[in-house]
Amino acid sequence: MSETRSSVNAPALDQAAIALLRGAHRGPVVAAEDEEWEASRRPWHSGVDQQPALVAHVADAADVEAVVRWAQQHGLAVAAQPRGHGATAHLDGTVLVRTAALDEIAVDAARRTARVGAGVSWQAMFDALDGTGLVALSGSNPSVTVVGLMLGGGLSWFGRAFGTPASSLLAVDLVDATGTSHTVTAESDPDLFWALRGGGGDFGVVTAVEIALHPAPELYGGRLAFAGEQAPEVLRAWAEVTRTAPDELATWAMLMHLPDLPQIPEEVRGRSFMSVDVMFVGLPDEAEALLAPLRAVGPTIRETVRALRASEIGGIAEEPVEPGPPMRAVSHPFDVLDDDVLEHVLATAGVGSGTPLVGVQMRHLGGAQTAADPSTGPGAQIRPGYVLAAMAPAFSPEAAAVVDEALRGLVSAVPRSEHGLGITFLQADQPIEDAYGAEAVGRLREVKQAVDPDGLFRSNHPVHPVHPVRPAPAT
Ligand SMILES: Cc1cc2nc3c(=O)[nH]c(=O)nc-3n(C[C@H](O)[C@H](O)[C@H](O)COP(=O)(O)OP(=O)(O)OC[C@H]3O[C@@H](n4cnc5c(N)ncnc54)[C@H](O)[C@@H]3O)c2cc1C
């Protein structure tokens with residue numbers, strides 16, 4: 001396990017080989033000459049130009065088994081990518097497995113668990129939990145998949161209240177490197193189960209998971225939006241809220257500069273906004289008492305905070321659900337939110353700073369995800385107190401260079417936490433060492449060696465620094 005498989009050494013696929021897979025597979029298998037190729041190969045992350053060898057839209061676990069066996073025989077790698085929010089471009093010489101058809105959701109409210117297929121989006125999960133008084137540990141975006149988020153660790157609206165998404169995995173149905181389906185649990189295979197709780201997609205193709213649900217009979221949340229000019233007061237008030245917040249309260253501050261472009265609605269085009277997004281597990285009055293410092297700033301210009309149903313969680317942060325322009329981004333974990341950090345953020349990205357960045361967000365972390373037992377998975381614990389994340393579109397290499405300089409400037413004076421944020425908050429070019437410490441990465445490599453010694457599976461952030469190459473098949 002040492003060399004790199006690339007487009008240069010990937011085997012050429014002939015029609016007979018493709019026909020063999022099609023014959024063993026119920027879902028569509030799409031090749032480069034097919035009309036559906038462009039739509040099939042492209043990830044959600046539009047800045048990434050991935051070029052797999054073939055795309056298999058699997059219909060069930062038997063299809064995944066067929067893909068794995070076929071890839072073994074033909075010397076190709078296998079990469080699962082439900083949507084591609086986290087695509088990183090390393091797909092030469094792979095069969096790309098699309099899981100949208102694995103859409104099973106079965107909620108067992110009495111046991112507080114759910115069985116969830118590997119194609120299920122967070123919006124579908126939210127809808128299934130409406131009226132149950134239960135929540136799953138979701139992130140902010142409704143079009144991301146449950147499995148994609150949980151395998152990568154995950155930063156959740158509920159991380160402070162209940163812990164990390166990865167730690168809610170109870171059992172994982174997985175097709176292994178021999179093309180065989182297994183249910184992996186802490187009892188059946190402790191090392192592999194540990195790795196799946198945050199280590200990503202390097203260990204097999206997951207077809208479904210069983211997850212823990214958490215009691216949240218009342219939810220209150222939404223967005224409080226102020227004018228961008230009020231950012232200094234709002235950020236100071238938000239910092240105060242975070243210093244005393246109970247674990248049930250998660251708040252994220254977001255400074256937005258909407259470009260003066262015809263695609264942006266006229267009423268907000270070219271304007272700046274300072275928002276605080278809120279999720280509280282509890283009653284409206286309790287939440288409002290905790291938000292008092294923000295209310296003292298003055299009236300909002302728009303707000304959506306209210307008692308929420310589970311199906312409304314994905315709308316809080318008003319994030320895009322369709323792919324947009326190519327973006328450059330950074331995510332930077334840090335531990336202490338003091339006046340120096342606030343002043344630096346305002347000076348480099350506030351109104352009047354001339355920043356090219358369109359969104360600058362700070363999420364308050366901590367709580368249960370920090371107090372968690374780190375031994376149950378690489379993504380079981382998130383230790384940084386906050387994350388500073390920012391982004392901007394970049395339509396040319398010159399624009400990307402300008403944005404990258406602004407991103408570097410933004411994080412330069414904010415002391416980086418010693419600890420990472422898991423795989424889901426890595427940018428495309430970041431190695432797994434930026435997500436987890438050396439000990440966890442070393443253990444992930446041992447598990448990889450044990451379950452996939454030939455490097456069949458290819459994650460977006462692989463546990464080895466270079467993609468392992470599978471030996472060419474004997475002919
Ligand atoms: C707008 C936006 C908002 C986001 N918000 C959050 C957030 O609040 N919190 C957070 O933690 N993350 C967030 N993310 C990051 C997101 O969680 C990751 O991109 C993650 O990869 C899930 O995206 P996906 O479902 O499209 O998976 P993909 O990007 O399609 O897959 C990512 C990787 O997951 C693995 N994988 C996925 N499914 C399988 C499977 N069935 N079997 C084996 N491996 C698999 C593979 O290694 C794959 O490369 C956000 C991303 C975007 C673009």
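The figures follow:
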read-out: Listing of strands (runs of 3 or more DSSP E) fully contained in the range 315-413 that carry 3 or more residues being within 16 Å of the ligand (Cβ to nearest atom) and among the small types (G, A, S); value: 386-393
read-out: Top-ranked residue of the range 181-199 - restricted to ones that are under 16 Å from A450 (Cβ atoms) and open to solvent by less than 30 Å² (accessible area, probe 1.4 Å), ranked as farthest from the ligand (Cβ to nearest atom); value: W194
read-out: Given (1) within 7 Å of the ligand (Cβ to nearest atom); (2) open to solvent by less than 40 Å² (accessible area, probe 1.4 Å), number of the condition A80 does not satisfy; value: (2)
read-out: Test: A225 is more than 13 Å from the ligand (Cβ to nearest atom), at pLDDT 95 or above, open to solvent by less than 10 Å² (accessible area, probe 1.4 Å) and small (G, A, S); value: yes
read-out: Evaluation of T370 against (1) closer than 20 Å to G385 by Cα; (2) among the hydroxyl-bearing types (S, T, Y); (3) touching a strand residue (DSSP E or B) at 6+ places or on another chain (Cβ under 6 Å) (one fails), failing number; value: (3)
read-out: Some residue of the range 444-461 being within 12 Å of the ligand (Cβ to nearest atom) and among the small types (G, A, S); value: yes
read-out: Subset tally (residues that are open to solvent by 20 Å² or more (accessible area, probe 1.4 Å) and either under 20 Å from F226 (Cα atoms) or outside the structural domain of L249 (by TED's automatic domain parsing) (or both)) for the range 306-338; value: 4
read-out: Tabulated pairs, the range 331-358, first closer than 15 Å to P415 by Cβ, second hydroxyl-bearing (S, T, Y) and part of a strand (DSSP E or B), C-beta under 9 angstrom, 6+ apart or interchain; value: P333/Y386; F334/Y386; D335/Y386; V336/Y386; L337/Y386; V341/Y386
read-out: Test for Q427: is it surrounded by fewer than 23 Cβ atoms within 10 Å (Cβ to Cβ), touching a residue at least 40 places away in the same chain (Cβ under 8 Å) and within 14 Å of the ligand (Cβ to nearest atom); value: yes
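Every residue, every condition in (1) among the β-branched types (V, I, T); (2) in contact (Cβ under 8 Å) with a residue 60 or more places away in the chain; (3) surrounded by 24 or more Cβ atoms within 10 Å (Cβ to Cβ), yes or no:
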site	(1), (2), (3)
G119	no, no, no
Q123	no, yes, no
G133	no, yes, no
S138	no, yes, yes
T145	yes, yes, yes
G148	no, yes, yes
L155	no, yes, yes
F158	no, yes, yes
G163	no, yes, yes
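The values are calculated or read from the model by the stated rules, or taken from the named source; none is laboratory data. Every value quoted in this text rests on a predicted model; they were computed, and no experiment measured them. Reconstructed Cβ throughout: ideal geometry from the backbone, glycine too, with neighbour counts over all protein chains shown. Note: areas computed on protein heavy atoms with side chains; ligands, DNA, RNA excluded. Shrake-Rupley method; radii C 1.70, N 1.55, O 1.52, S 1.80 Å.
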